[in-house]
Each structure stands twice: as C-alpha cells, then as structure tokens.
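Chemist: A single structure is presented below for examination.
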C-alpha cells in the first residue's frame, strides 16, 4: 500500500513546480493570463482540498467548510500575487468558491466510494494543473539555456511526475488513513427532526 505522506509529497512537489514557474517567469506573463492562472490554481486546489477534508471529517462540516474556503482563497491569493490586484481578487474568490464546493461534495460522499472520488479528484486536479502548465509555457519565451529552461520549457518532466502521482493514487487505499468505523458518513440520514 502507498502511504498518504508519499502522495502528499508528490502533489506538493507538483504544486511547488507550478508556483516556481509562475514566480520565476512572472514578468513575461500578461495580466489576463495571470488572472487565469490564479483562478485555475485556486479553484482546482481548493476543490481538491475541500473534497478530501470533507470526506475525512464529515462530522465537522462547518469547520471544514471554513478551513477549505481559507485554504483555497490563500492559495489563489499566492498564485495571483505576482501579477496584479485583479489576479489576487480573482484567485481568492475562485479558491474560496472551490473550497466551499469541495467541502460540500466531500461530506456527501458515501464511504464505499471514497477511493473512487479521491482518484477522480486527483486525476481532475492533476490534469488541470498540467493544462495550466502548458498555457504558462505558451506565454513564456525561453531565452537562456540553463536549469530553469530545462525544467520549465520541457513538458516531459512534469508529465512524468503527474503520471507517477496518478499511479500512486491508484495504489492508495482510504483504509490506510483511518478505520471505517471512525467516520460516520451517514450523518444526515440519522437526523430525525426532533430537537
């Protein structure tokens, strides 16, 4: 079985790769592309974070929603910061909305489908981040031939890391995180209406 820490490391590496690309080549990226970058990163990561935390802690819906909104918004702000205040606002609003929707989705997932939903969310966010990487590459003109251009002008290294992440996610099982009886995913069905 694949450890959750290994998955977290691989996905953190992918996000760090994208953020490094943004910050190193921010002067070559237009304001409109910067807004799109901030919106895409905020929404994709906020949705993924909200869904996964909502599945892990469905009994704490309010807290998970607030934390997911903040995490998605902060990630969107960081992604928009190198470009303009419009990109910051766009990133925050998209990240907050993604975090809120992810938390709502995560709480509603039945325990039998948690592994499937994790796989879908990882493939969705990984695919979105790779398409975003391709968009940023189309904005940037690589002049020098050094380590930066090797990692950021070639598509293959990030593509291979994302494929590794997909493989690790497929090998991952939710039962490695917690026991099935620790979480009650049928919380809403037990409410009888009497206070």
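Chemist: If I go through region 64-82 residue by residue, how many of them are surrounded by 24 or more Cβ atoms within 10 Å (Cβ to Cβ) and over 15 Å from the mean Cα position of the chain (by Cα)? Let's see the steps before the verdict.
Modeler: Taking region 64-82 and keeping what is surrounded by 24 or more Cβ atoms within 10 Å (Cβ to Cβ), we get 64, 68, 72, 75-76, 79-80.
Retained after the next criterion (residues that are over 15 Å from the mean Cα position of the chain (by Cα)): 64, 80.
Going through region 64-82 one residue at a time, the tally reaches 2.
Chemist: Another question, if that's okay. Name the residues in region 8-40 that are crowded, with 17+ Cβ neighbours inside 10 Å and not in a helix (DSSP H, G or I), would you?
Modeler: 25, 29
Chemist: Okay, moving on. Exactly one of these conditions fails for residue 122: (1) modelled with pLDDT under 75; (2) in a helix (DSSP H, G or I). Give me its number.
Modeler: (1)
Chemist: Counting only residues that are over 19 Å from residue 36 (Cβ atoms) and not in a helix (DSSP H, G or I), which one in region 67-119 is modelled with the lowest pLDDT?
Modeler: The qualifying residue modelled with the lowest pLDDT is 110.
Chemist: Just one of 61, 142, 151, 92 is closer than 17 Å to residue 22 by Cα, touching a residue at least 12 places away in the same chain (Cβ under 8 Å) and surrounded by 15 or more Cβ atoms within 10 Å (Cβ to Cβ); which is it? Walk me through how you get there before you give the answer.
Modeler: Working: 61 fails: closer than 17 Å to residue 22 by Cα; 142 fails: touching a residue at least 12 places away in the same chain (Cβ under 8 Å); 151 fails: surrounded by 15 or more Cβ atoms within 10 Å (Cβ to Cβ).
Going through 61, 142, 151, 92 in turn, the sole match is 92.
Chemist: Answer yes or no as to whether residue 43 is in contact with a helix residue (DSSP H, G or I) (Cβ under 9 Å, 6 or more places away or on another chain) and either at pLDDT 90 or above or in a loop (DSSP other than H, G, I, E, B) (or both). Before the answer, list the steps.
Modeler: Values: in contact with a helix residue (DSSP H, G or I) (Cβ under 9 Å, 6 or more places away or on another chain): yes; either at pLDDT 90 or above or in a loop (DSSP other than H, G, I, E, B) (or both): yes.
Considered against the rule, which asks whether it is in contact with a helix residue (DSSP H, G or I) (Cβ under 9 Å, 6 or more places away or on another chain) and either at pLDDT 90 or above or in a loop (DSSP other than H, G, I, E, B) (or both), residue 43 comes out as yes.
The values are calculated or read from the model by the stated rules, or taken from the named source; none is laboratory data. Because the structure is predicted, anything quoted here is derived from the model rather than measured. Don't worry about glycine lacking a Cβ; one is built from the backbone with ideal geometry, like all the others, and counts go over all protein chains shown.
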